[in-house]
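Trainee: Provided herewith is a single structure, encoded as structure tokens, for subsequent inquiry.
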Amino acid sequence: MPQSQATAVAFYKTTADLKNAVTAAYAPLQAMYYGNFVTMMEARGDNVEDLNPGANAGTEYNIDRFLAKADNSDINNAWDSLYSGISRCNTALLHLDVVTDPALKTQFEGELRFLRALHYFNIVRLWGAAPLVLSPVSTDDAKKLARSAVQDVYTAIENDLTLATGLLPVTYTNTADLGRATKGAAKTLLGKVFLTEAKYSQAVSQLQDLVPANNTYNYSLLPNIADVFDVNNKMNAEIIFAVRYNKTIPAQGHALNAYFNQPGLDPKLISAYGSTDTRSALLSTVTLDANDKPVKKYYDTFDPNTKTLGTDFIVLRYADVLLMYAEALNEVGYNPDAFTYLNQVRSRAGATTFAQSDLPDQSSFRNAILQERRLEMPLELHRWFDLIRTNTAIAALQNSGLTTITIQAYQYLYPIPQTEINLTSNKTGFTQNPGYQ
């Protein structure tokens, strides 16, 4: 259940206490993004498949092949991690008044609202209706919660991000703060939320001041896409929000995720790149040792002491903004201006650009954008959600070059963890997702 959050009153007394709490609110992201999120958000789609059915008692394999049930430990762990993150945000928000510096108080509130919105955005896309907890709750009250309607969850996400855009700074002057949420990150995430909800005009409005070449946020496409992912070039001009890691500090690095290690990629994805497209090289592998051969996109060497890797996980980047903006423009109505933003991404990659004669109507442009998102951002946890929101997942899994999988629409969502079903005392308001009963 959403975690009890009622024991922190005595702890938060000073600005330093609250600053530590805000920093701690980012911590759950580390386990999520190089952990079970890769299985649940990337392997679920058509870019990569699980090649090891015996690993971890089939936990990940069953998610990939749509065999997972409500007792799957990865699904349970993801739920727990997300609500743990929400718990930290809610508790810190309740104690903001201990912060004496008004500017810092404003920043902290913006960060916490951004993080809470990100967590709920992942929850609503993974499970649909879910408990909406926006303030600390006791253990007993948590067991009484119902699953709030999807639209109610999205309304809360929109509210948090709208407020965050007015609270957060454009940038931070202290390099130690790089990786904290910014105004641009909040606007980007809100644009993605609107796109997911098919609120295309709102998406255009939210993203439009991010896309100019000389935007006030200083975001830009790097000339060489490989440099975006270079472990020695972290938080570069293309990165809007990333989960930070440091392999030299114990428990701050990460392992090499199995789906980034000699992955079973869809051959149709690989063959879709043109001969001059530089993005395909990022999916080739580099040998670290006999067992570890990461794709270049996630290449790093193991720290000799911690035995971990230090690549950040990029959650939001500028190429995504350009493609989202082009898509939203086209969905509002077929618009020649949308080609500008699609072609910026293709030009940077060395791919042939599109003319209006190549994509003469809204439908052909829509299909091209979906394909371009696949080519630009494979293994970045966007593909499965792109397939769901465009209602193309069933066809994509039937027509990939991987194992053919036939699914039904109810499998767009995951089962609610059985442990949550067992704990609830609200048996009518907290029910299992259809198809998993």
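The values are calculated or read from the model by the stated rules, or taken from the named source; none is laboratory data. What you see is a predicted model, and the numbers here were worked out from it, not measured in a lab. Heads up, the Cβs are rebuilt from the backbone with ideal geometry, glycines too, and the neighbour counts pull from every protein chain shown. Accessible surface is based on the protein model in full, side chains and every heavy atom, while ligands, DNA and RNA are left aside. Shrake-Rupley method; radii C 1.70, N 1.55, O 1.52, S 1.80 Å.
Trainee: At a Förster radius of 30 Å, what calculated FRET efficiency corresponds to the Cβ-Cβ distance of residue 172 and residue 410, to the nearest 0.05?
Mentor: Rounded to the nearest 0.05, the efficiency is 0.10.
Trainee: Another one. Kirkwood Rh and Cα-based Rg: tell me the resulting Rg over Rh for the chain, rounded to two decimals.
Mentor: 0.94
Trainee: Once phi is turned into ³J(HN,Hα) by the Karplus curve 6.51 cos²θ - 1.76 cosθ + 1.60 with θ = phi - 60°, what whole-Hz value does each residue of segment 394-407 show in order, with x for glycine and proline?
Mentor: My calculation for segment 394-407 gives 4, 5, 4, 6, 7, 10, 6, x, 8, 4, 5, 10, 9, 10 Hz in order.
Trainee: On average, how much accessible surface per residue is there in segment 113-169, in Å², for a 1.4 Å probe, leaving out ligands, DNA and RNA?
Mentor: Heavy-atom accessible area per residue stands at 33 Å².
Trainee: Okay, moving on. Pop a pseudo-label 7 angstrom from the Cα along the beta-carbon direction at both residue 306 and residue 262 and give the gap in nm to one decimal.
Mentor: 2.6
Trainee: Starting from 0.36 nm per residue, how many nanometres of slack lie between residue 209 and residue 152 once their C-alpha separation is accounted for?
Mentor: 17.8 nm
Trainee: Looking only at 379, 112, 282, which one moves most when the chain is put into a Gaussian network model with springs between Cα atoms under 10 Å?
Mentor: 282
Trainee: Which three extents, in whole angstrom, do the alpha-carbon atoms of segment 163-247 cover along their principal axes, largest first?
Mentor: 40, 29, 25
Trainee: Determine ³J(HN,Hα), in whole Hz, for all residues of segment 412-420 in sequence, where each value follows from phi through the Karplus function 6.51 cos²θ - 1.76 cosθ + 1.60 and θ = phi - 60°; x replaces Gly and Pro.
Mentor: After applying 6.51 cos²θ - 1.76 cosθ + 1.60, I find 5, 10, 8, x, 5, x, 4, 4, 6 Hz.
Trainee: Something else now. Return one whole number: the accessible area per residue of segment 287-349 in Å², for a 1.4 Å probe.
Mentor: 35
Trainee: Something else: Modelled label-to-label distance, residue 398 and residue 159, 7 Å Cα→beta-carbon offset: nm?
Mentor: 4.1
Trainee: Quick one: pull the percent of accessible area on the chain belonging to carbon and sulfur, 1.4 Å probe, ligands and nucleic acids left out.
Mentor: Solvent-exposed carbon and sulfur of the chain make up 52 percent of the total.
Trainee: Quick one: if the Förster radius is 22 Å, what FRET efficiency do residue 271 and residue 337 give, using the C-beta to C-beta distance and rounding to 0.05?
Mentor: 0.10
Trainee: Could you give the length gained by full extension between residue 425 and residue 51, i.e. 0.36 nm per residue of separation minus their alpha carbon distance, to one decimal place?
Mentor: Result: 130.7 nm gained on full extension.
Trainee: Turning to a different aspect of this structure: Starting from the Cα of residue 358, step 7 Å along the direction of its Cβ; do the same at residue 285; then give the gap between the two resulting points in nm.
Mentor: 3.2
Trainee: To continue, here is another question. Quick check on the chain: helices-only [θ] at 222 nm, where DSSP H runs of length 4 and up contribute -39,500 (n - 2.57) each and the sum goes over total residues. Nearest 500, please.
Mentor: After summing the helix terms and dividing by residue count, I get -13000 deg cm²/dmol.
Trainee: Work out how far the C-alpha atoms of segment 372-422 reach from end to end along every principal axis, then list the three figures in whole Å, largest first.
Mentor: Answer, in whole Å and largest first: 42, 23, 19 Å.
Trainee: When we measure straight from the Cα of residue 199, which aspartates and glutamates land under 14 angstrom away, once same-chain ones fewer than 8 places off are left out?
Mentor: Cα-Cα hits under 14 Å: 158, 327, 331.
Trainee: Note down the accessible area of residue 234, probe 1.4 Å, to the nearest 10 Å².
Mentor: For residue 234, the solvent-accessible surface is approximately 70 Å².
Trainee: In addition: I'd like the FRET efficiency for residue 24 and residue 436, computed as 1/(1 + (r/R0)^6) with the beta carbon distance as r and R0 of 45 Å, rounded to 0.05.
Mentor: After rounding, the FRET efficiency stands at 0.85.
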